[in-house]
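The values are calculated or read from the model by the stated rules, or taken from the named source; none is laboratory data. The structure displayed is predicted, hence computed values, not measured ones. For neighbour counting, all protein chains shown are included, and Cβ atoms are generated from backbone atoms with ideal geometry for every residue, glycine included. The protein model used for the area step is the full one, side chains on, heavy atoms only, and it has no ligands, DNA or RNA in it. Shrake-Rupley method; radii C 1.70, N 1.55, O 1.52, S 1.80 Å.
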Amino acid sequence: MKNFFDTLANIWKIDELKGKILVTLGLLLVYRFGAQITLPGIDTQQLAELTSNTGQGILGVLNAFTGGAFAKASVFALGIMPYISASIVVQLMGIAIPYLQKLQKEGESGRKTINQITRWLTIAICIVQAPAYLFGLSALGVPDSAFVLGKGLDFMVPAVIILVTGTVFAMWLGEKITDKGIGNGISLLIMIGIIATLPQSFVQEFISRTTNNNGGLMFILVEVIIWFLVILASVLLVMATRQIPVQYARRTASGEYEKGSRQYIPLKLNASGVMPIIFAQAIMFAPAAIGRLFEDSSVGQWMQVNFSDMFGWAYNILFGLLIIIFTYFYTAITVPTNKMADDLKRSGGFIPGVRPGKETGDFLDKIMSLITLPGSIFLALLAVLPAIAVKLLGIQPGWALFYGGTSLLIMVGVAIDTVQQVNSYLLNRHYDGLMKTGKNRKVA
């Protein structure tokens, strides 16, 4: 514990790091403040039904990603998710569109152009989602009397503009955190939104267990222990890698090659992160929608009933299978084994026992396929854990969402990434101190 507080003290001594942390906390506070501001023209006193209907299921996940802004009809109700959707679309389009492929190879200038394309696509997605959200409020239990100005153009047009602006502003906050703060700004905005709903979910579970003789404090303790074990499993999934040895050759004065330095390529057990879960959740809307189209048939009714329940067995079996499939798909497009092999060959590196070039690419591809299988199964199990927690342990749906799935993996992944950045500052600072006078010196 003493070392922990010493580390915190060291963080505060580094002016640059302290400034970045304060900027990050300040911008996150602005985002959380904006999430509490309801859209003009909506009576906040009549949103109780909306809050109730977005407390679980797919809408509960969406509400968690926006930090409760979705259920409050906030100016940040769309959150940062349109930007995430736009980023995924642009990334996938980069596989098939030569222009985007060319931009990806142009370095920093190409990256800026891609970012600009992503921003414009984000606005286009918001323009579609904003009216859909406003019209959907009635279906989610918001009475017509809650719309003080009615649902005419005098309300809809300003409300759509505000929702689009809210997402653009959130996107700007995320980019500023990345540039001026610590950690990945977009990921931090999502994480802080998820964390904001955690205390309320735990309180609901606590009340449920301590009233009506429903397990009591002992069961709460068991749940917390299981939760920490799931977090540990998530950390292992995020950090686990397979180290591939690489030997570098160097040319001697006589022109011959001899073995030089030895390094390792860390191939991640889960190279796709939470993207397979996001893809799978997007597709899981389809079975219930198809069921509604054929609701007169027995098959349509079965699909509508079984695939509308996020915690149902049929839903989660299909959900898990889709996650495994998308893990392979996303890994294939984000881990360019052929390019890695070419880069190794150009830099004089080779994997012992494997020929440089195509054979190295095939070897790396085989290794990725082998380690992706357990990684994808592990990811699928974590994704369906909330359903297991609800069905077998009787945990409240809101609290169960933190037992795995996208919410927990985002929290763990972002936390690890941020801590690693802070740790790199500390290590660099310590190195400077040893090289200079052994004391902390100010960093410009």
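Summing Lys, Arg as +1 and Asp, Glu as -1, what charge do residues with Cβ under 15 Å from the Cβ of Ser376 carry, Ser376 excluded? Combined, the nearby Lys, Arg, Asp and Glu give +2.
As a fraction of the 1.4 Å probe accessible area of the chain, surface on carbon and sulfur atoms comes out at 65 percent. Ranked by solvent-accessible area (1.4 Å probe, protein heavy atoms only, all chains present), the residues Met81, Met93 order from largest to smallest as Met93, Met81.
Note on Val168/Ser369: beta-carbon distance plugged into 1/(1 + (r/R0)^6) with R0 of 60 Å gives a FRET efficiency of 0.90. Modelled label positions at Asn338 and Leu22, each set 7 Å beyond Cα in the direction of Cβ, lie 5.1 nm from each other.
The listed residues Tyr264, Tyr83, once ranked by accessible area (1.4 Å probe) with the largest placed first, stand as Tyr264, Tyr83.
One quarter of the surface of the convex hull around the alpha-carbon atoms of the chain equals 28.6 nm², the direction-averaged projected area. Take each peptide in 306-316, 16-26, count the other Cβ atoms within 10 Å of every residue, and average; sorted highest first, the result is 306-316, 16-26. Label positions at Leu426 and Phe206, each projected 7 Å from the Cα along the C-beta direction, are separated by 2.9 nm. Dipole of the chain (Lys/Arg Cβ +1, Asp/Glu Cβ -1, origin at the Cα centre): which of Leu25, Met411, Tyr425 lies farthest to the positive side? Final value for the positive-end residue is Tyr425. Rolling a 1.4 Å probe across the protein heavy atoms gives the chain an accessible surface of 53 Å² per residue. Overall shape: oblate for region 105-219, with the ratio a/c of the largest to smallest alpha carbon gyration tensor axis at 1.5 or above and b/c at least equal to a/b.
Compute the Cα gyration tensor for region 52-108, then decide on rounded, prolate or oblate, letting a ≥ b ≥ c be the square roots of its eigenvalues: rounded whenever a/c is under 1.5, prolate when a/b is larger than b/c in the other cases, and oblate in all that remain. Taking the square roots of the gyration eigenvalues as a ≥ b ≥ c, region 52-108 is prolate. In terms of packing, defined here as the mean over residues of other Cβ atoms within 10 angstrom, the peptides 30-37, 408-415 line up highest first as 408-415, 30-37. Taken about its Cα centre, the chain carries a charge dipole of about 1820 debye when Lys and Arg each add +1 at the Cβ and Asp and Glu each add -1 at the Cβ. Summing Lys, Arg as +1 and Asp, Glu as -1, what charge do residues with Cβ under 14 Å from the Cβ of Thr113 carry, Thr113 excluded? For residues surrounding Thr113, the net value is +3. Straightening the chain between Ile283 and Leu217 buys 19.9 nm, computed as 0.36 nm per residue apart minus the Cα-Cα spacing. For Val246, nonlocal amide neighbours, meaning residues 5 or more places apart or on other chains whose placed amide H falls under 5 Å from its own, are Gln263, Tyr264, Ile265.
Tell me whether region 57-155 comes out rounded, prolate or oblate; compute the Cα gyration tensor, take square roots of the eigenvalues as a ≥ b ≥ c, and use a/c under 1.5 as the rounded threshold. Prolate is the answer for region 57-155, as a/c is 1.5 or above and a/b outweighs b/c.
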